[in-house]
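> Got a structure for you, written out below as structure tokens; questions coming shortly.
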Amino acid sequence: MVNQKVLELANHISRKKIGAKDAILPQDPEYKILEPVVSTEMAEVALCMEIRKKATAKDLAPLCNKSVEETTQLLLKLADAGVCFVNNIDGTDTFWFDTWVPGIMEMMVNHKENVFKYPQIAEAFEAYGRVRGPKTTGAFPVGVGLMRVIPIEMAIDGETRKASYEEVSKYLNDNTIFSVSDCSCRTARKVMGEGCGHLAEDMCIQMGHAAEYYIRTGRGREVTREEAFEIIRRAEENGLMHQIPNLDGSGKTHAICNCCGCSCLSLRTAEMFKNVDMVRSNYVSHVDKDKCVACGECVETCPVNALQLGQKLCAPKEEKKKRVETPRDMEWGPERWNPDYRINRQDVAQDGTSPCKTECPAHIAIQGYIKLAAQGRYKEALELIKHENPFPAVCGRICPRKCESACTRGDLDSPIAIDEIKKFIADQDLNAQNRYIPKKRHEYGNKIAIVGAGPAGLSCAFFLALDGYQVTVFEKQKALGGMLTLGIPAFRLEKNVVNAEIEVLKELGVNFKTGIEVGKDITLDELRKDGYEAFYLAVGAQGGRGIGIEGEDAKGVLAGVDFVRRINLGEDVTLEGDTIVIGGGNVAIDVARNAVRTGTGSVSMYCLESRNEMPALEEEIEEALEEKIQINNSWGPKRIVTENGKVTGVEFKKCVSVFDENKRFKPVYDENDTIIVKADNVILSVGQTIEWGSLLEGSNCQLNPNGTLKADSLTYQTDQKDVFTGGDSFTGPRFAIDAIAAGKQGAISIHRFVQPGQSLIIGRSRREYHALDKEQIDFEGYDRVARQSVKHVEQDGNKDKFKDPRLTFTEEQVQKETQRCLSCGATVVNEYMCVGCGSCTTKCKFDAISLVRVYDGQGVAYEDLKPVVVKQVLKRKGRIAVRKAKDLFVKG
């Protein structure tokens, strides 16, 4: 039932009359926000107040025909609800109400009890800008909007034309009383279940009269000026930007909001309606392409997606430059809005960006760390790598180097030795004194369980630890590292390298429990009872796969992954006689090379694929051949020949083709072309399986036909909502870097899951990259420079047979190799969409992005706003008419 007095109040605050064409109706957000907490009596008192006019209970009592005592109590209730301010002025409580936004709606949402008890308060706040926002399009000149972006101060330190009202410090230094509260926008999003992962707690600062009100009504806690500066610093570190209520007059405000673009209802004006002038500062980002290395740090922190990764090598296409369409001189309706801005963010420009960053499964800032290494800034290079990959020393030794395969330099002469540069940088982590330990961003404290200490689980643990979660990793083996430790030979990845990078996780507070098999020794339900709020299942693919042929169970037949694991665990493994390895992938190569080191006879490999089709990396094939391993292509096993239950050989049949016309795996054999090869040992390395044991019992988790866990491809959430997965458990056997990338995404999802009201997808980068078109590059004029090569150490027979013979680049080699980088990528700026917050400048390590002052707008007090808006509306109408006339002339 509609409360008529409350409806009348909603119209009164909106300066409208019931019955008028534009009157506030019961379904409108202005009524909806008041309805659950404002009584008829409260509305009767508020109807006697005027916007921004201070009054006492004594002033208002005669107007509403109530006693001073009753009026006082009703005014205090209004203040508690957030409908009006209360301050003690000269010993007397004084009351007044402000605009809906900024003002009443934020204050009502910041009443923590009410907003969760009555979610329509949050819903009405969210709806207000969505419903009323379109009417403001193009109506406010720069600097005059209801809210205004204030640049991060260090971003404009060198700007000689800056004004004092553009500095955050001015507002903090001008005031003496401060409070901090939860962000009202992020609180509303949280209540609605639409949070973006940026949390609301202790983020927005009030000053002066607003601080007094927030402290008195329990909306915020009092802080010192020094603490307020610290809150500003912490917000900037976490990628947030600043806005102020902009209706107090130029150089005046009562609050500083620390905002994110994915939840802020003020920035929605720019992002959804593209009405950027309503909120922007006087500044626009400018990129120096000569300095920019497309690391992507600025792109990821930009709150309004005004920055994208582009390129700087391709010749511009012969196209007429498109005129920028903005509401400044165009009629602007829903067809030009971006209502899905919270889920359709694009990080890469249409022309594409660096192929190396694109092809890397973790999208590491390769061009960026190469540039830092070229400048001798190795610690900063390591820090940049670890934004995406916590295990660069490991990857520097075993990565498949997709980045190098895609490297633009490879079209000129030879690809950059990216992995060797990374290996040199990352070797700092091998020395405890030089180790880079990232700074924690938060201290959330929720308990999270990781099952499996392989690359996916360790990566997830690393990124959760950075946010201060209590992470425990459960590993059924005695050793940590999963396949990094147990599945990769020491001559490719020495275990001290893995252990050194795991030590960083221990420094961050990650707890490890080895020798515990979750599902057998302890169940997920038992862990839930122990306070664990989410689980990341990353058990990997550590089981061998059979091939279903005769003789497979004979003595002398081994699974490749089991064989390598036993060696890595230090067991005494010796192969007597000749050995055949069946398989043509990287694991098969590892198995064969291990067999050479533990056997007494010859080692040969047989695989279905031709040499060009072998899934193993070319580098690993060459290393196998150097060790006198014979590789026999295009042969498939028909049966294992046995005598008295013991292997004596393998019968193979000729494989004519491996894939059908659709590139699907479908071998075709010539059954008449067979051979029998003698052997004493047969090691099967034709794939791996995932051994779930009893881990999933009692859960809603579902498996795919291939044994992998069903989960969402973006969030990695399974059908059991508190269970997430990643790595081989989700994709099947892949490379360590794929698992590491999945671990970070799993951590992002788990953070959002355990924090109330957060969406797993809103405001999240989908990591969709595409590379520049190399055919558009003119390579004329580039010097051909030889790629630096890795030296190998001379090994001392059996003594060094399990040591990695590959040396690391010298610093001189690193300097020479980094100079070969063509620096393909660069950030591009949409100058209209840029709100001039300066957040991008705080992330750039290359001084490549800066704020340039291009506007000169100043704030206007609410009382003086109307004529400014009317003038702007008339000017805009004129510009629209001129543009229409020009368009007609061009068409004619």
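> How do the peptides 528-537, 295-304, 853-862, 71-80 rank, highest first, by the average count of neighbouring beta carbon atoms within 10 Å per residue?
On the way: 528-537: 19.1, 295-304: 24.5, 853-862: 16.6, 71-80: 20.6.
Ranked from most to least packed, the peptides come out as 295-304, 71-80, 528-537, 853-862.
> Which distance in nm do the two modelled labels at Lys112 and Asn672 give, with both placed 7 Å along the Cα-to-Cβ direction?
Result for the modelled spin labels: 8.3 nm.
> What value, in deg cm²/dmol to 500, does the helix sum -39500 (n - 2.57) over DSSP H runs of n ≥ 4 give at 222 nm once divided by the residues of the chain?
It comes out at -9000 deg cm²/dmol, rounded to the nearest 500.
> Say each of Glu237 and Gln819 gets a label point 7 Å from the Cα, pointing the same way as Cα to Cβ; how far apart are those two points in nm?
Once both label points are built, they end up 3.9 nm from each other.
> For region 26-41, what does the Karplus curve 6.51 cos²θ - 1.76 cosθ + 1.60, with θ = phi - 60°, yield as ³J(HN,Hα) per residue in whole Hz, taken in order and with x for Gly and Pro?
Whole-Hz 3J(HN,Hα) from phi for region 26-41: x, 7, 7, x, 5, 7, 4, 6, 7, 3, x, 10, 10, 7, 4, 5.
> Follow-up. Any idea of Phe730's accessible area? Nearest 10 Å², probe 1.4 Å.
40 Å²
> Related question: For Arg148, which sequence-distant residues (separation of 5 or more, or a different chain) have an amide H within less than 5 Å of its own amide H, given hydrogens modelled in the peptide plane?
Ile244, Asn246
> Which whole-Hz couplings ³J(HN,Hα) result when phi for each residue of region 104-111 is put into the Karplus expression 6.51 cos²θ - 1.76 cosθ + 1.60, θ = phi - 60°, listed in order with x for Gly and Pro?
Taking θ as phi minus 60°, the curve returns 4, 5, 4, 5, 5, 5, 6, 7 Hz for region 104-111.
> Still on this structure, please answer the following. Go through 123-132, 509-518 and give me the packing order, highest mean Cβ count within 10 Å leading.
In decreasing order of mean packing, 123-132, 509-518 become 123-132, 509-518.
> Gain in length, Leu888 to Gln346, computed as 0.36 nm per residue apart minus the alpha-carbon separation, to one decimal in nm? Numbers along the way, then the final one.
Numbers: separation 542, 0.36 × 542 = 195.12 nm, distance 3.33 nm.
Stretched fully, the Leu888-Gln346 segment lengthens by 191.8 nm.
> How big is region 778-892 by Rg and Dmax over its Cα atoms, in Å?
Considering region 778-892 through its Cα atoms, Rg and Dmax are 29.8, 89 Å.
> Between helix 736-754 and the chain, what is the angle of the helix's C-alpha long axis to the longest principal axis, kept within 0 to 90° and rounded to the nearest 10?
Helix 736-754 sits roughly 30 degrees off the main axis of the chain.
> DSSP beta bridges in the chain, what fraction antiparallel, as a percent rounded to 5? The partial results should precede the final answer.
Numbers: 57 of 97 bridges.
Close to 60 percent.
> Whole number in Å², please: accessible area per residue of region 733-834, 1.4 Å probe, ligands, DNA and RNA not counted. Before the final figure, lay out each step's value.
Numbers: 5320 Å² over 102 residues.
For region 733-834, the per-residue accessible area is 52 Å².
> Which of the aspartates and glutamates could a cross-linker bridge to Lys666, judged by Cα under 15 Å and excluding same-chain residues fewer than eight apart?
Glu609, Glu613
> Pairing the Cα long axis of helix 586-598 with the longest principal axis of the chain, what angle in degrees results, from 0 to 90 and rounded to the nearest 10?
Once rounded, one gets 40 degrees.
> Here is a follow-up. Separation of region 813-892 and region 195-266 by C-alpha centroid, Å?
Value for the Cα centre distance between the two parts: 25 Å.
> Counting only heavy atoms of protein chains, what accessible area per residue, in Å², does region 327-409 have with a probe of 1.4 Å?
Working: 2710 Å² over 83 residues.
On a per-residue basis, 33 Å².
> So, one more: Lysine pairs in region 250-327 8 or more apart or on different chains: how many have alpha carbons under 18 angstrom apart?
Numbers: Lys274/Lys322; Lys289/Lys312; Lys291/Lys312; Lys312/Lys321.
So the count of such lysine pairs works out to 4.
> Please calculate how many Å² of accessible area region 497-552 carries per residue, with a 1.4 Å probe and no DNA, RNA or ligand atoms counted. Provide the component values of the computation, followed by the final result.
Working: 2450 Å² over 56 residues.
On a per-residue basis, 44 Å².
> Quantify, in whole percent, the carbon and sulfur part of the accessible surface of the chain (1.4 Å probe; protein heavy atoms only).
Values: 18220 of 38070 Å².
In the chain, the share of accessible area belonging to carbon and sulfur is 48 percent.
> Provide the per-residue ³J(HN,Hα) series for region 694-710, in order, calculated from phi with Karplus coefficients 6.51, -1.76, 1.60 and θ = phi - 60°, each as a whole number of Hz, with x at glycine and proline positions.
For region 694-710, the Karplus curve yields 9, 4, 8, 4, x, 9, 8, 4, 10, 9, 7, x, 8, x, 7, 8, 6 Hz.
> Semi-axes, largest first, in whole Å: what does sqrt of 5 times each Cα gyration tensor eigenvalue give for region 493-591?
On the way: eigenvalues 233, 79, 30 Å².
Three semi-axes, in Å: 34, 20, 12.
> To the nearest 10 square angstrom, how much accessible area does Cys356 have with a 1.4 angstrom probe?
Number for this one is 20 Å².
> Then there's this: So which of Lys440/Lys845; Lys112/Lys744; Lys5/Lys58; Lys721/Lys843; Lys386/Lys791 end up more than 29 Å apart by C-alpha?
Numbers: Lys440/Lys845 20 Å; Lys112/Lys744 32 Å; Lys5/Lys58 22 Å; Lys721/Lys843 34 Å; Lys386/Lys791 26 Å.
Violating the 29 Å limit, Cα to Cα: Lys112/Lys744; Lys721/Lys843.
> Okay, moving on. Quick check: with the 1.4 Å probe, what order do Glu420, Glu153, Glu226 take by accessible area, largest first?
On the way: Glu420 10, Glu153 45, Glu226 125 Å².
Listed by decreasing accessible area, they come as Glu226, Glu153, Glu420.
> Enter the mean projected area of the convex hull around the alpha-carbon atoms of region 405-466, in nm², rounded to one decimal. Write out the running numbers ahead of the final one.
On the way: hull surface 26.8 nm².
Average of the hull's projected areas for region 405-466 equals 6.7 nm².
> Given 0.36 nm per residue, what is the gain on full extension from Lys803 to Asn700 after removing their alpha carbon distance, in nm? Provide the component values of the computation, followed by the final result.
Numbers: separation 103, 0.36 × 103 = 37.08 nm, distance 4.47 nm.
Stretched out fully, the Lys803 to Asn700 stretch lengthens by 32.6 nm.
> Sort Tyr213, Tyr165 by heavy-atom solvent-accessible area, probe 1.4 angstrom, most to least. Intermediate results must be reported in sequence, preceding the final value.
Working: Tyr213 0, Tyr165 20 Å².
Largest accessible area first, the list is Tyr165, Tyr213.
> At 37 °C and 0.692 mPa s, what whole-number value in µm²/s does Stokes-Einstein give for the translational diffusion of the chain, with Rh from the Kirkwood sum over Cα pairs? Could you put the intermediate results ahead of the total?
Working: Rh = 31.0 Å.
Result for D is 106 µm²/s.
> Can you tell me the length gained on complete extension of the stretch Ser67 to Leu714, counting 0.36 nm per residue apart and subtracting the Cα distance?
Details: separation 647, 0.36 × 647 = 232.92 nm, distance 6.09 nm.
Extending this stretch completely gives an extra 226.8 nm.
> Let me ask another. In the structure displayed, which of Lys447/Lys520; Lys476/Lys638; Lys555/Lys803; Lys495/Lys816; Lys422/Lys803; Lys77/Lys135 lie more than 27 Å apart, Cα to Cα?
On the way: Lys447/Lys520 21 Å; Lys476/Lys638 36 Å; Lys555/Lys803 30 Å; Lys495/Lys816 30 Å; Lys422/Lys803 20 Å; Lys77/Lys135 33 Å.
Among Lys447/Lys520; Lys476/Lys638; Lys555/Lys803; Lys495/Lys816; Lys422/Lys803; Lys77/Lys135, the Cα-Cα distance tops 27 Å for Lys476/Lys638; Lys555/Lys803; Lys495/Lys816; Lys77/Lys135.
> Return the FRET efficiency for the residue pair Val870, Lys721: r is the Cβ-Cβ distance, R0 is 56 Å, and the value is rounded to the nearest 0.05.
On the way: r = 53 Å, r/R0 = 0.94.
Step by step, r from the Cβ atoms, then E = 0.60.
> With a point put 7 Å past each Cα toward its Cβ, work out how far Arg225 is from Ser169 in nm, to one decimal.
The answer from the label model is 1.2 nm.
The values are calculated or read from the model by the stated rules, or taken from the named source; none is laboratory data. Remember, predicted model here, so these are calculated numbers, not experimental data. When we count neighbours, we look across all protein chains shown, and the Cβ atoms used for this are built from the backbone with ideal geometry, even at glycine. When the accessible area is computed, the model is the full protein with side chains, heavy atoms only, and any ligands, DNA or RNA have been set aside. Shrake-Rupley method; radii C 1.70, N 1.55, O 1.52, S 1.80 Å.
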